[in-house]
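The next block holds one structure in the form of structure tokens; read it before the comments.
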DNA sequence: ACTACGATCTACT
DNA sequence: GTAGATCGTAGTG
């Protein structure tokens, strides 16, 4: 198996197009306990002129600028890689890097629908099989055993791969403001699959 | 060195 | 619905 899981021009598209286009895409995670497969059902876009983006800072006068740090370096690299970071003392977050190299943009994966390996995900979470396994960004990384070791990982390669599927029709995509941030709270850059039981919040 | 806070989760009222 | 856990990161002195 040695093919590109996405078209060559996929990551040249605007991040605000990629975020909804990733709905329905598959994540395949190889672990010692087996292969875990899940479908992306909720995403958020973080952009280069976005105060909520990790690569963006604001001067006292409000002017935005880019700042590369130890944590966010992967965001400034080539698209198609995983940006994984640690927060709140407990949780890892998984993003797909987008945008051209040198620009800090990414799509946060906020919820997954398990397709295979749900029993192993339940073991990783210490919970029975239910939407609680993967209906949040911190929950899904624990279910798939994703941590900082995968920061910068090329998502065309095992042990964590992304595969596109046919795009969802527009009427099945809901667009809302993002969750859990304190800046740019109004920007409607969160996307989820309408009616999907594994979405974090309606 | 010191401080503040976070793209969250869980438990509890 | 609300509060506490928990600690790495980044900014400041």
Inset, instruction - Go through the stretch A:149-178 and give me each residue that's closer than 24 Å to residue A:79 by Cβ, outside any helix (DSSP H, G or I) and either without any contact (Cβ under 8 Å) to a residue 12 or more places away in the chain or within 14 Å of DNA strand C (Cβ to nearest atom) (or both). - result: A:151, A:152, A:157
Inset, instruction - Tell me, yes or no, whether the stretch A:157-174 has at least one residue that is touching a helix residue (DSSP H, G or I) at 6+ places or on another chain (Cβ under 6 Å), surrounded by 15 or more Cβ atoms within 10 Å (Cβ to Cβ) and closer than 15 Å to residue A:27 by Cα. - result: yes
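Residue-wise test of (1) modelled with pLDDT under 95; (2) closer than 19 Å to residue A:45 by Cα.
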| position | (1), (2) |
| --- | --- |
| A:109 | no, yes |
| A:116 | no, no |
| A:126 | no, no |
| A:150 | no, no |
| A:156 | no, no |
| A:163 | no, yes |
| A:167 | yes, yes |
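With the requirement that a residue be within 15 Å of DNA strand B (Cβ to nearest atom) and in contact with a strand residue (DSSP E or B) (Cβ under 7 Å, 6 or more places away or on another chain), what does the stretch A:20-47 give you? Can you show your working first?
Residues of the stretch A:20-47 within 15 Å of DNA strand B (Cβ to nearest atom): A:22, A:38, A:40-47.
The answer is A:22, A:38, A:40, A:41, A:42, A:43, A:44, A:45, A:46.
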Inset, instruction - Mind listing whichever residues of the stretch A:62-83 are on the phi < 0 side of the Ramachandran plot, away from DNA strand B (no atom under 12 Å from the Cβ) and within 15 Å of the chain's Cα centre (by Cα)? - result: A:79, A:81
Inset, instruction - Could you run through the stretch A:1-35 and say how many residues are in a strand (DSSP E or B) and closer than 21 Å to residue A:192 by Cα? - result: 3
Inset, instruction - Run down A:181, A:146 and say which single residue is part of a loop (DSSP other than H, G, I, E, B), in contact with a helix residue (DSSP H, G or I) (Cβ under 9 Å, 6 or more places away or on another chain), within 16 Å of DNA strand C (Cβ to nearest atom) and closer than 24 Å to residue A:79 by Cα. - result: A:146
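The values are calculated or read from the model by the stated rules, or taken from the named source; none is laboratory data. If you're wondering where the values come from, they're calculated on a predicted model, not measured in any experiment. FYI the Cβ positions are ideal-geometry reconstructions off the backbone, even for glycines, and counts take in every protein chain you see.
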